[in-house]
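To start, the structure itself, in structure tokens.
The values are calculated or read from the model by the stated rules, or taken from the named source; none is laboratory data. Note that the structure is predicted; figures quoted are calculated from it, not measured. We place every Cβ from the backbone using ideal geometry, glycine too, and count neighbours over all the protein chains shown. Protein only, heavy atoms only, side chains kept; ligands, DNA and RNA dropped before computing areas. Shrake-Rupley method; radii C 1.70, N 1.55, O 1.52, S 1.80 Å.
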Amino acid sequence: MVDDRFEAERHWEEWGGVLGSLPEVQLPPARTALVIVDMQYSDAHRDYGIGAEARRLGTEAQFEYYFDRLDTLVIPNIQRLLVTCRALGLEVIYLRIASMVRDGRDMNAMQRRSGTLVAPADSKETQILDEIAPEPDELVVTKGASGVFNGTASDQILRNLGIDTLVFCGVGTNYCVETSVRDAGDRNYDVVMVSDACAAKTAEHERLAAEILDGVYCRMLTTDEVIRLLKG
């Protein structure tokens, strides 16, 4: 008999769950939103923000895995997710880190300490990458913290939209994406994290995020699995 379980199910059985596994995930299009986390120039492009600062400091080799993964895997997979979600009429929501004022004084201390992430909302650094840019009438939520729910009205907006299921992708896997996933789980959303549409600085960070989150705060699925569920 062909084993048609999702790869996430096999991973969960291998890791073992101290807290027990979440039930099988469903993605009803009318109640599901694709949430694209911080795929903006400061975070996801070699020539801006993190990439530019690494080049200035001579540490760009430390980010080679991250930017290679973005270019060859994450951006193409987000493009595929966008095509499917838009065709099915899902809500598409973009998150971005941006300051409402020029000097970033409205942002939390962690963001200000990072330096490269402090950019005003009208700057190139805070714009979503052209390859996956929002279409008219798609939501772009500006945040001054790592997670989507901290310091924004996102929970109320999602409730207004009738959304109870969230599919997360973007950067960084073990920072802003993970924070948003945990917070969404605590707020009783059904959550999917798309394993091959997120990027972290290292492959080990990717692995640890999956092992810690999968089956507890979210279901970790691949792009193919998400598309299959949405269409099926």
Report summary line: Taking region 180-220 and keeping only residues that are out of contact with any Ser or Thr (no Cβ under 7 Å at 6 or more places or on another chain), hydrophobic (A, V, I, L, M, F, W, C) and closer than 24 Å to Q40 by Cβ, one is left with V181, A184, V191, V192, M193, A203, L213, C218
Requested in this report: Sort out which residues of region 120-160 are part of a loop (DSSP other than H, G, I, E, B), within 26 Å of P76 (Cα to Cα), hydrophobic (A, V, I, L, M, F, W, C) and touching a helix residue (DSSP H, G or I) at 6+ places or on another chain (Cβ under 9 Å), and write them in order of number.
Outcome: L129, V148
**Report entry** Single condition M193 does not satisfy, out of (1) without any contact (Cβ under 8 Å) to a residue 40 or more places away in the chain; (2) open to solvent by 10 Å² or more (accessible area, probe 1.4 Å)
**Finding:** (2)
Report task. Could you tell me whether any residue of region 20-36 is open to solvent by 70 Å² or more (accessible area, probe 1.4 Å) and modelled with pLDDT of 95 or more? Result -> yes
Report task. Considering only region 196-220, state which residues are under 13 Å from the mean Cα position of the chain (by Cα) and either surrounded by fewer than 18 Cβ atoms within 10 Å (Cβ to Cβ) or more than 17 Å from V171 (Cβ to Cβ) (or both). Result -> none
Report summary line: Inside region 165-176, the number of residues satisfying the requirement of being more than 16 Å from V226 (Cα to Cα) and not in a helix (DSSP H, G or I) is 2
Query raised in the report: Which residues, counting only those in region 146-161, are touching a strand residue (DSSP E or B) at 6+ places or on another chain (Cβ under 9 Å), over 11 Å from L95 (Cα atoms) and in contact (Cβ under 8 Å) with a residue 12 or more places away in the chain?
Result: N150, G151, I157, L158, L161
**Report entry** Hey, Q127 at pLDDT 85 or above and farther than 18 Å from H45 by Cα or not
**Finding:** no
Query raised in the report: Taking only pairs six or more apart or across chains, which ones have beta-carbon atoms under 6 Å, a first residue in region 70-82 that is under 19 Å from Y48 (Cβ atoms), and a second residue that is assigned to a helix (DSSP H, G or I) and among the hydrophobic types (A, V, I, L, M, F, W, C)?
Result: L70/A44; I78/I132
**Report entry** Qualifying positions in region 162-182 - over 13 Å from the mean Cα position of the chain (by Cα) and open to solvent by 10 Å² or more (accessible area, probe 1.4 Å)
**Finding:** G162, D164
Report summary line: For region 36-57, pairs from a residue that is at negative phi to a residue that is open to solvent by less than 70 Å² (accessible area, probe 1.4 Å) and charged (D, E, K, R), with Cβ under 6 Å and 6 or more apart or across chains, are Q40/R96; Y41/E125; S42/E125; Y48/E125
